[in-house]
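My questions will all concern the structure given below.
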Amino acid sequence: MSVPLLSARGVGKRFGGRIACRDVSFDLWPGEVLGIVGESGSGKTTLLNCLAGRLVPDGGTVTYESRSAGSVDVHRLSEARRRLLARTEWGFVNQDAREGLRMGVSAGANIGERLMAVGARHYGEIRGQAADWMGRVEIDVERLDDRPTTYSGGMRQRLQIARNLVSNPRLVFMDEPTGGLDVSVQARILDLLRGLVEGLHLSVVLVTHDLGVARLLTHRLMVMQGGTVVEQGLTDQVLDDPQHPYTQMLVASILPV
Amino acid sequence: MPDATIQDTQGQDGAYNYAYLDEQTKRMIRRAILKAVAVPGYQVPFGGREMPLPYGWGTGGIQVTAAIIGREDTLKVIDQGADDTTNAVSIRRFFARVAQVATTTHTEEATIIQTRHRVPETPLTDGQILVFQVPIPEPLRMLEPRETETRTLHALSEYGVMQVSLYESIARHGRIAKTYNYPVMVNGRYIMSPSPIPKFDNPKLDRSPALQLYGAGREKRIYAVPPHTPVKSLDFDDHPFEVETWSESCALCGSTESFLDEMIVDDTGKRLFVCSDTDYCEGRR
């Protein structure tokens, strides 16, 4: 537990003259859930993509403590190693489940893809694991052979989570996992995520604009504005006693129920 | 070999170069073939030419044949197993005219066999070359439409998605329902489309003593399986690869071991099963 699982140092990315994120540094420890909050356009998703190796940052380093090869610089890895890492030790949950799923094949095939990608060749076992994961994300196992096109939004999101977790990853990146879902479905998915994160000892980097989600799921919070981190700290501390004017504004703008 | 004079490289009617293509094009195609043989199953791009027949009729196979054919060769052309269909007859006549080669319908006599949709039933031997006409060379195309991505998947041997398609087939049909163009792993490295041959023919590709060349004219790709190279049809441990079987035997030659075509012979729906390989069938009668 003495080494951080993921550490970013001075990560920055610009698109032409526009700065998407600047000089972001943090450590993520095993079992920790880190929230990145901020308004639209504040650079949250760009940062997440830089961390997950999907975008190459202009500056800074991202170091990951891998299960197999020790400490690795994510952006210095060969493409083959990085992709292997991404489909074995990492997960990535998109806001839009259609981006993270294969919509043309059944739920079972979606969950089984990572297993087959690392060499599983026994249909019965793959199917058994897929069924097991359907149960763990609370989808009726009867729907195992149905395509995600026939699923509701909430079910698709749960399927996407199962598809990512089947390879037993240590680190999951989530980009607004509950965005675009209605409130009751959101609550169930948050519940599910909280259980999975604790049960599997997952580390999570979670991007959200919803402070309620951040409060429920995350241990620590980074607040971004205009591409820079303006405040970070323990979630309860940041939300209950915001220091930066922008954070104060964010917290104050939560609609009272 | 001494320098070829212009006379040597000219076809019978003088208007075309020997074997239709010009010498530079043939060299380019031969280079692609050499590379393809050196990296079994890898799709090598080449500068495909316009041929005097439409795409989809065998332009890729014809270009490969034109690049490797010589006066001493004996050519056999089959289409769906038959030597006497329009496409097979036209291509055979084409090479008889522009390359002055002997042609045959007998598998054993041929040195080059250009084929569409079948591998001959008669076992091939050392020194024979099988040229396949390929419509879609990329086995991952239906699963991944982006060419840049499929190339990356091949480069990194990331073939999970191919297995996903087989999983899906079992989930939906209870078995792997793909019967033609059944994907194979060549030499343990590249996944390859064997062209739309029935999966019945897949075992014949494995460690075949003949050289297999695949030409895709529209997609401008050449790939190859050198002699004696392992070719494994993809499957699952608990759903192993199987070939088609028939309860009937050939109505003409009585064969129970060949690939049979089903034919409806009258208006009342009477059915007949006959060998798809006409040369094999005639040889047994």
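What follows draws every value from the coordinates through simple rules; no lab data is involved. This structure is a prediction, so every number in the text was calculated from the model and none was measured. Here Cβ is always computed from backbone atoms with ideal geometry, including for glycine, and neighbour counts include all displayed protein chains.
Return the tail of the calculated pair distribution for the protein assembly as shown, meaning the percent of Cα-Cα pairs more than 29 Å apart.
Numbers: 91053 of 146611 pairs.
The share of Cα pairs beyond 29 Å in the protein assembly as shown comes to 62 percent.
At 7 Å along Cα-to-Cβ for each site, give me the label-to-label distance between residue B:284 and residue A:219 in nm.
Calculated label separation equals 7.1 nm.
How large is Rg over Rh for region B:245-285, taking Rg from the Cα atoms and Rh as the Kirkwood inverse mean of 1/r across Cα pairs? It would help to have the intermediate numbers written out before the result.
Numbers: Rg = 10.2 Å, Rh = 10.4 Å.
Ratio value, two decimals: 0.98.
When the dipole is taken about the Cα centre of region A:51-104, and only Lys, Arg (+1) and Asp, Glu (-1) are charged at their Cβ, what size is it in debye, to the nearest 20?
Working: 9 positive and 7 negative charges, 51 e Å.
That gives region A:51-104 a dipole magnitude of about 240 debye.
Further question on the same structure: What net charge is computed for the residues neighbouring residue A:35, neighbours being all others with C-beta under 11 Å from the C-beta of residue A:35, Lys and Arg scored +1, Asp and Glu -1?
Details: positive: A:44, A:215, A:220; negative: A:32, A:210.
Computed value for this residue: +1.
Counting other beta carbons within 10 Å of each residue's own, what order do A:50, B:281 fall into, fewest first? Write down the numbers at each step before the final one.
Working: A:50 25, B:281 22.
Ranked by crowding around the Cβ, least crowded first: B:281, A:50.
Between residue B:96 and residue B:177, with labels modelled 7 Å along Cα→Cβ, what's the label distance in nm to one decimal, could you check?
4.4
Where does each of A:133, A:29 land when they are ranked from fewest to most other beta-carbon atoms within 10 angstrom? Don't jump to the answer; show the numbers that get you there.
Working: A:133 24, A:29 16.
Starting with the residue having the fewest Cβ neighbours, the order is A:29, A:133.
Next question. Cut-off is 10 Å between beta-carbons; in what order do A:178, A:228, B:179 appear when sorted fewest neighbours first? Each step should come with its number before you reach the end.
On the way: A:178 26, A:228 16, B:179 12.
In order of increasing Cβ crowding within 10 Å: B:179, A:228, A:178.
Show which aspartates and glutamates lie in cross-link reach of residue B:204 when reach means a straight Cα distance below 19 angstrom and same-chain residues fewer than eight apart are skipped.
B:79, B:108, B:109, B:121, B:126, B:235, B:242, B:244, B:257, B:261, B:277, B:279
Only four residue types carry charge here, +1 at the Cβ of Lys and Arg and -1 at the Cβ of Asp and Glu. Report the dipole size of region B:245-285 about the Cα centre in Debye, rounded to the nearest 20.
Taking the Cα centre of region B:245-285 as origin, the dipole is about 140 debye.
Then there is this: What's the magnitude of the charge dipole for the protein assembly as shown around its Cα centre, counting Lys and Arg as +1 and Asp and Glu as -1 at the beta-carbon? Answer in Debye, nearest 20. Intermediate results must be reported in sequence, preceding the final value.
Working: 60 positive and 67 negative charges, 227 e Å.
Roughly 1080 debye, rounded to the nearest 20.
Would you please put B:127-134, B:273-280, B:242-249 in order of how densely packed they are, using the mean number of other Cβ atoms within 10 angstrom per residue and starting with the highest? Can you show the working numbers first?
Details: B:127-134: 23.9, B:273-280: 22.1, B:242-249: 11.9.
By packing density, highest mean first, the sequence is B:127-134, B:273-280, B:242-249.
GNM, chain A, Cα, under 10 Å: largest mean-square fluctuation among A:217, A:196, A:51?
In the Gaussian network model the winner is A:196.
At q = 0.09 Å⁻¹, work out log10 I(q)/I(0) for region B:2-232 with the Debye formula, treating every Cα as an identical point scatterer and leaving solvent out; two decimals please.
-0.37
While we're looking at this one, here's another question. What is the angle, in °, between the Cα long axis of helix A:183-200 and the longest principal axis of the Cα atoms in chain A? Nearest 10 is fine, range 0 to 90.
80
Something else: Please build a GNM for chain A, connecting alpha carbons under 10 Å apart, and tell me which residue among A:60, A:128, A:179 fluctuates the most.
A:128
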